[in-house]
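FYI, it's all coordinate maths here, none of it is from the lab. Because the structure is a prediction, the values reported are computed rather than measured. Cβ sites come from the backbone with ideal geometry, for glycine too, and all protein chains shown count toward neighbours.
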Amino acid sequence: MTTTSLQLLTVPEAMTRLKLGRTKIYELIRTRRLVSITEGRARRIPESSVQDYIRSRLEEAA
């Protein structure tokens, strides 16, 4: 069985990783291009979701 390390990012961390603004990050979440979870008022974005988004953008650009 393989174990993968799942890291959850805050919105500001996702903004930094993607070099995008807060509004764009929430738009990506709303349109389901970025997956996120909420716990209470805290929203977290799995790092794998950020990587998937980058991968899909690269495929669109190719």
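What the table shows:
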| item | result |
| --- | --- |
| Odd one out for Arg32 among (1) on the phi > 0 side of the Ramachandran plot; (2) over 11 Å from the mean Cα position of the chain (by Cα) | (2) |
| Segments classed as helices (runs of 4 or more DSSP H), wholly inside the chain, with at least 2 members that are surrounded by fewer than 10 Cβ atoms within 10 Å (Cβ to Cβ) and either in contact (Cβ under 8 Å) with a residue 24 or more places away in the chain or not β-branched (Val, Ile, Thr) (or both) | 47-61 |
